[in-house]
Amino acid sequence: MSLAISDCTQNFIQGEWTAGTSSATIPVTNPATGDLLGSVPDCRERDAVRAVEAAEGAAARWAGMPAVERERVLLRAHDLMLQHAEDLAQIITLEEGKPLAEARAEVSYGASFVRWYAAEGRRLYGDIVPSPDPGRHLLVFREPVGPTLVITPWNDPFAMVTRKVAPALAAGCPVVIKPARETPFSAAAAVRLFAEAGVPPGVINLVTTSRSGAVCDAMLSHLAIRHVTFTGSTEVGKLLGARAGALVKGMTMELGGHAPFVVFEDADLDEAVTGLLARKFRNAGQTCSCPSRLFLQEGIADAFLEAFIDGMKRIVVGNGMAPGVTMGPLINPAAVEKVQAHVADAVAKGARVIPGGQRHGDGRGSFLAPTVLTHVRPHMLVAQDETFGPVAPFFRFRDEAELSSIVNHPTYGLTGYCYTRDLSRAFRVTAALRCGFIGLNDPAPQSAEVPMGGVRESGVGREGGRWGIDEFVTVKYVSLRV
Ligand code: NAP
């Protein structure tokens, strides 16, 4: 049976699809056309608390289930995701805007976390610690931390759900998911497949709301919730983190980034240009790991720019559902205005636009032309704040010494990229970059097997690999005297 937006318009609490207790709804529009796609419940605190209580009620049974049983359920969910890959990709493209090919890649990336954590849940080993005293045995167990609040952004509306929910479920934690209001259907589709795979009632819950602050606070302050895992802006992450800290709850924070992309004179220029074109304009520049401060060594800067601008001519901007389109719209008109304000600020402070800067199309969707900025300086908004759009701001540098004084952002530290064929330099720059993860001659370092996350104000905790499941685990130590 196929999966469509019409199957994804309700909340999911205690194993049942529900409109909630309020008659209010949130309209969801297609950013490529402005057309209404459907709506979801605008739930109130009482609905959210019911979801938390459902998770609380299901926690002991899910935690007590043998890990191998949870693995079976998650593997079924993974298989269902692949079976429904095309349906999921269409839902993502319709509500988020990215081209269908990118949405298909998101489904495969998102499902890979479910498969990885299905197995990883079986490897939550404890420890036996050598005892300092005769007759005592020191045992350390690893247990699920408990019901978890999952808050996700709109930019990878399926994969950001699976990247959090899979390790939580594998560790034995029930979840309540609160997706972004712009993209609730992809999250509901994921929940539908987890439930169809056999995740028991109460173990996975979904609530949608236009009052995220109040509704999330009602859930976070409920005693049953023991952890919050959030992906989104640093601004909201700080609010949630402060609240979680005050309530003594665990947190995983995957926040904003401002990734440097460095190209040295000894780099393979073709590879670097291809890598930057692919990474910069993916999802119209709306990714946390998007290269957004681009550093070219002087000797190759002109040649690089020429090849890059030439490559940009192959970008086809349009509705992500249309064949051949390689870059979709921004998420909404406010996002277009923010990006244009950043470009205007840069130009007012001396940057040059070659080419781009203008809106694209007939004004119906939130389209912006791919844009290049040269003569960028650190005091411009594009260098300081996340632009989150298809703008490529270029700096030039003379040598490693000059680069090291400008490459690190004062607050962000998520992803970094560096292209060089000099191995010693690669390691020197890797050590100097203040980032959570780095692509060395690699524009796409992410995968389910490895740890991703930020330093400084880009986040706390890690997602992916054996590290990601630790976020949902607590240790219990037992001293046994015999
Ligand atoms: P956002 O505005 O921070 O929203 C993220 C989520 O938080 C949404 O579900 C949002 O709901 C909710 N939210 C907003 N205000 C809240 C509050 N006061 N309390 C609780 N929840 C609240 O971020 P976004 O614009 O959706 O996503 C883009 C950001 O995510 C960028 O900064 C990007 O770098 C970051 N990101 C980071 C990673 C990573 O791995 N580090 C990955 C992807 C994205 P509403 O929709 O109702 O506002």
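The values are calculated or read from the model by the stated rules, or taken from the named source; none is laboratory data. If you're wondering where the values come from, they're calculated on a predicted model, not measured in any experiment. In this analysis, Cβ positions are derived from the backbone assuming ideal geometry, glycine residues included, and neighbour counts consider all displayed protein chains. Note: accessible area is taken over every heavy atom of the protein model, side chains too, but ligands, DNA and RNA are not part of it. Shrake-Rupley method; radii C 1.70, N 1.55, O 1.52, S 1.80 Å.
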_Just to check, using Stokes-Einstein with a Kirkwood Rh over alpha carbon pairs, what's the diffusion coefficient of region 319-412 at 25 °C and 0.890 mPa s in µm²/s?_
170 µm²/s
*lysines within cross-link reach of LYS313: Cα-Cα under 17 Å, excluding same-chain residues under 8 positions apart?*
LYS280
*Around THR29, with a cut-off of 13 angstrom between Cβ atoms, what is the net charge of the other residues, counting Lys and Arg +1 and Asp and Glu -1?*
-2
*To the nearest 20 debye, what charge dipole does region 259-447 have about its Cα centre, counting +1 at the Cβ of each Lys and Arg and -1 at the Cβ of each Asp and Glu?*
520 debye
*asked:* Compute the helix-to-body angle for 269-280: its Cα long axis versus the longest principal axis of the chain, expressed 0 to 90° and rounded to tens.
replied: 50 degrees
*Roughly speaking, what is the centre-to-centre gap between region 96-125 and region 347-396 when only Cα atoms are used, to the nearest Å?*
32 Å
*Would you mind working out the magnitude of the charge dipole of region 30-120 relative to its Cα centre, with +1 at each Lys and Arg C-beta and -1 at each Asp and Glu C-beta, to the nearest 20 Debye?*
320 debye
*Evaluate the relative contact order of the chain (contact order divided by residue number), counting alpha-carbon pairs under 8 angstrom at least 6 apart; express in whole percent.*
19 percent
*Estimated translational D of region 1-116 in µm²/s (Stokes, Kirkwood radius over Cα pairs; 20 °C; 1.002 mPa s)*: 131 µm²/s
*Using the Kirkwood formula over every pair of different C-alpha atoms, what hydrodynamic radius in Å results for the chain?*
23.2 Å
*Classify region 259-447 as rounded, prolate or oblate from the Cα gyration tensor: take a ≥ b ≥ c as the square roots of its eigenvalues, call it rounded if a/c is under 1.5, otherwise prolate when a/b beats b/c and oblate if not.*
prolate
*With Cβ to Cβ distances under 10 Å as the rule, what net charge do the other residues near THR93 carry (K, R +1; D, E -1)?*
-2
*Using +1 on the beta carbon of Lys and Arg, -1 on that of Asp and Glu, and nothing else charged, what's the dipole of the chain about the Cα centre, debye to 20?*
960 debye
*Per residue of the chain, what 222 nm ellipticity follows from adding -39500 (n - 2.57) for every DSSP H run with n ≥ 4, rounded to the nearest 500?*
-12500 deg cm²/dmol
_Below 22 Å, Cα to Cα, which lysines can LYS178 reach? Residues fewer than 8 away in the same chain don't count._
LYS98, LYS164, LYS238, LYS249
*If we sort 23-29, 174-180, 362-368, 325-331 on the protection proxy, mean other Cβ atoms within 10 Å, highest first, what's the order?*
174-180, 325-331, 362-368, 23-29
*Taking the alpha-carbon centroid of each part, what is the distance from region 168-210 to region 215-265 in angstrom?*
18 Å
*Can you list the residues, at least 5 places off or on another chain, whose amide H is less than 5 Å from the amide H of VAL262, using H built in the peptide plane?*
PHE295, TYR417, CYS418, TYR419
*Take the solvent-accessible surface of the protein heavy atoms, probe 1.4 Å, and return the percent of it on the chain that carbon and sulfur atoms account for.*
55 percent
*Starting from the Cα of LYS349, draw a straight line to each of the lysines and keep only those under 21 Å, dropping any in the same chain fewer than 8 residues away.*
LYS338
*At ARG481 and ASP362, where each label point lies 7 Å from the Cα along Cα→Cβ, what is the point-to-point distance in nanometres?*
8.3 nm
